[in-house]
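This report concerns only the one structure given below.
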Amino acid sequence: MTQSPLADEIRKEAEQRRTFAIISHPDAGKTTITEKLLLMGKAIDVAGSVKSRKADRHATSDWMAMEKQRGISITTSVMQFPYRGRMINLLDTPGHEDFSEDTYRTLTAVDSALMVIDGGKGVEARTIALMEVCRLRDTPIVSFINKLDRDIRDPIELLDEIEAVLSIKAAPITWPIGCYKDFKGVYHLAQDRLYLYQAGLGSERSQAQCIDGLNSAEAREYLGDDWATFAEQLELVQGACHLFDQEAFLAGRLTPVFFGTALGNFGVDQVLDCLADAAPAPLPRQTQTREVAPDETAFSGFVFKIQANMDPRHRDRIAFLRICSGRYQKGMKLHHVRLGKEVKIADALTFFSSEREQLDEAFPGDIIGLHNHGSIQIGDSFSEGERLSFTGIPHFAPELFRRVRLKDPLKSKQLRQGLQELAEEGQAQVFFPQRNNDIILGAVGVLQFDVVASRLKEEYRVECAFEAVNLWSARWINCKDAKKLKEFTDKASENLALDGGDHLTYLAPTRVNLALMQERWPDIEFRATREHH
Ligand code: G4P
């Protein structure tokens, strides 16, 4: 079969794309490593002190602060840069106080993820939660154990912890030679090569010096008295650890592990090389009707995030769309599939982060930002020609709950409408308990509540307050057996609610309560995610 030049171009562009996000616990070093990745991708020229940026952190998002400080064009959510013949799309996963459901959903738009672990702390709570989201799509994970310039835990213990806590095999690609004041570098197991650490080069785009062969006279001299101990340890590691296996990596069952220091910009290049070489290019994606291959010439994509603008002077919001097939061109006409409408996409944002002139084109794996005046929701699909609705962009069970208290009781209709619409947009989730007239708001990050309150006030003229409520999590209920379901809804009505989309939900007061209910009702499915449409 002969292919058109357009099909060839799309295939070539798609194969170059590497779209990933960073998963980590706050303070593990995500911001620092992002900065070094941008440095390597020449998206910035000098990596500055992370500290000065952090001071600004609460005023605005990390990247806006960075943008201001460096006077370069980095948007808050997507950073695109070329690296060794690849085009890298790094999607920001908001952390700290701006952590939200968007953080989770961003992971549905990537093809791989970089897990950053603080070597002194090991696997922490937020990483576990984000990893669970990655597992929904078996996303391949590359791991970086950070802060080797400090005291870290025993590396073997760290790998064991990754395997035990995250249920993924860990294959060390490099192995650290000492840590803290004795940090000498890393040894690349497959290359049989030492990469030497030099302190003080954190803000430079420099390549580490190397020594070939652990048995070489040069390596023995470099390691001195530590040589024998290190060689012994390595033997143990090579005997006990998994070898890298590309197939298992792509299936999300094995993670290659690197060691280094983001602050010292050491080991980060190895991680980026791994993402460029071993991580997958955009893969086919499932729609309600069929699987869509990235090299199809007709454009298609889905919205995974809507950025609420906290600045009241700009009411415009941006919907982030992940391209799954075809080519985006300025001015193209697309179907807004849910609304059954044709729309002209005249002014989408693209995210090339270097000085180079921006092309108004984008390809599979890329993200474009659509201006949203209220007609776009999370999970919406846009396509050219055939109408395709992508699946797999879920709601996630909230972990934080508030009871909504209306200040003016006469505004209850506006409140309901506002909450319903904001929930559809994905800003937070709303639940209507069956046993009373409460309205419960659910979120995964606290900032989501502030966003909802300020938007209710701005856009719906409704003022409300939030009260603490004693809930632990929510689960969407599913049961094929109508009789069993009826039995369950009768018995559990105290804790049942309808969500914004009228789906039956179980609001669990505690973890123990949920576990007991699941045990007691084996025919009922308690789902932690729900598809959008
Ligand atoms: P995050 O985005 O994951 O939250 O982490 P971030 O990069 O902001 O890093 C958190 C702190 O850890 C920062 O310290 C940063 O400089 C430090 N850090 C990151 N990578 C390394 C590393 O390889 N070695 C060492 N020693 N430190 C590293 P900070 O600005 O002082 O912030 P804080 O500690 O006052 O919160």
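How big is D for segment 368-496, in µm² s⁻¹ as a whole number, if Stokes-Einstein is applied with the Kirkwood radius of its Cα pairs at 37 °C and 0.692 mPa s? Can you show the working numbers first?
Values: Rh = 16.7 Å.
Roughly 196 µm²/s, to the nearest whole number.
Only one residue of 216, 262, 516 has its Cα farthest out toward the positive end of the dipole of the chain, where Lys and Arg carry +1 and Asp and Glu -1 on Cβ, and that residue is 516. Label point of residue 291 set 7 angstrom out along Cα-Cβ; within segment 233-265, amide nitrogens under 16 Å from it belong to 250-252. The stretch between residue 153 and residue 482 holds 113.2 nm of extra length on full extension. This uses 0.36 nm per residue minus the Cα-Cα distance.
For an R0 of 56 angstrom, estimate the FRET efficiency from the Cβ-Cβ distance between residue 207 and residue 491 and round to the nearest 0.05. Present the calculation step by step, with values, prior to reporting the outcome.
Numbers: r = 65 Å, r/R0 = 1.17.
Computed FRET efficiency for residue 207 and residue 491 comes out at 0.30.
Equivalent-ellipsoid semi-axes for the chain (Cα gyration tensor, √(5λ), whole Å, largest first): 41, 28, 23.
Packing-based ranking of 154-160, 424-430, 210-216 yields 424-430, 154-160, 210-216, ordered from highest to lowest mean Cβ neighbour count within 10 Å. Using the Cβ-Cβ distance between residue 458 and residue 121 with R0 set to 41 Å, the FRET efficiency from 1/(1 + (r/R0)^6) comes to roughly 0.55. Dipole check for the chain: with +1 at the C-beta of Lys and Arg, -1 at the C-beta of Asp and Glu, and the Cα centre as origin, the magnitude is about 1840 Debye.
Charge dipole of segment 397-531 (Cα centre as origin; +1 on each Lys and Arg Cβ, -1 on each Asp and Glu Cβ, all else neutral): 300 debye, rounded to the nearest 20. Extension gain for residue 330 to residue 531 (0.36 nm times residue separation, less C-alpha to C-alpha distance): 69.3 nm. From most to least packed by mean Cβ count within 10 Å, the peptides 179-185, 327-333 give 179-185, 327-333. Both radii are taken from the alpha-carbon atoms of segment 412-465; with Rh as the Kirkwood radius, Rg/Rh is 0.94. Computed packing ranks the peptides 107-117, 14-24, 222-232, 84-94 as 107-117, 14-24, 84-94, 222-232, most packed first, by mean other Cβ atoms within 10 Å. Taken along the Cα-to-beta-carbon direction at a fixed 7 Å, the label points for residue 240 and residue 467 span 5.5 nm.
Take the alpha carbon atoms of segment 484-509, find their center, do the same for segment 383-457, and report the distance between the two centers in whole angstrom. First find each Cα centre; the distance between them is then 18 Å. Positive end of the dipole of the chain (Cβ unit charges, origin at the Cα centre): among 33, 173, 385, the Cα lying farthest that way belongs to 385.
What number comes out for the charge environment of residue 123, summing +1 per Lys or Arg and -1 per Asp or Glu over other residues with Cβ under 13 Å away? Before the final figure, lay out each step's value.
Numbers: positive: 121, 126, 153; negative: 118, 124, 132, 157, 160, 161, 163.
Summing Lys/Arg as +1 and Asp/Glu as -1 gives -4.
May I ask for the distance between the Cα centers of segment 197-226 and segment 236-271, given as a whole number of Å? Going from one Cα centre to the other spans 19 Å.
Only the coordinates and a few stated rules stand behind these numbers; no lab work does. Predicted model only: the values in this text are computed from it and were never measured. All Cβ positions, even for glycine, are placed from backbone atoms using ideal geometry, and neighbour counts span all protein chains on display.
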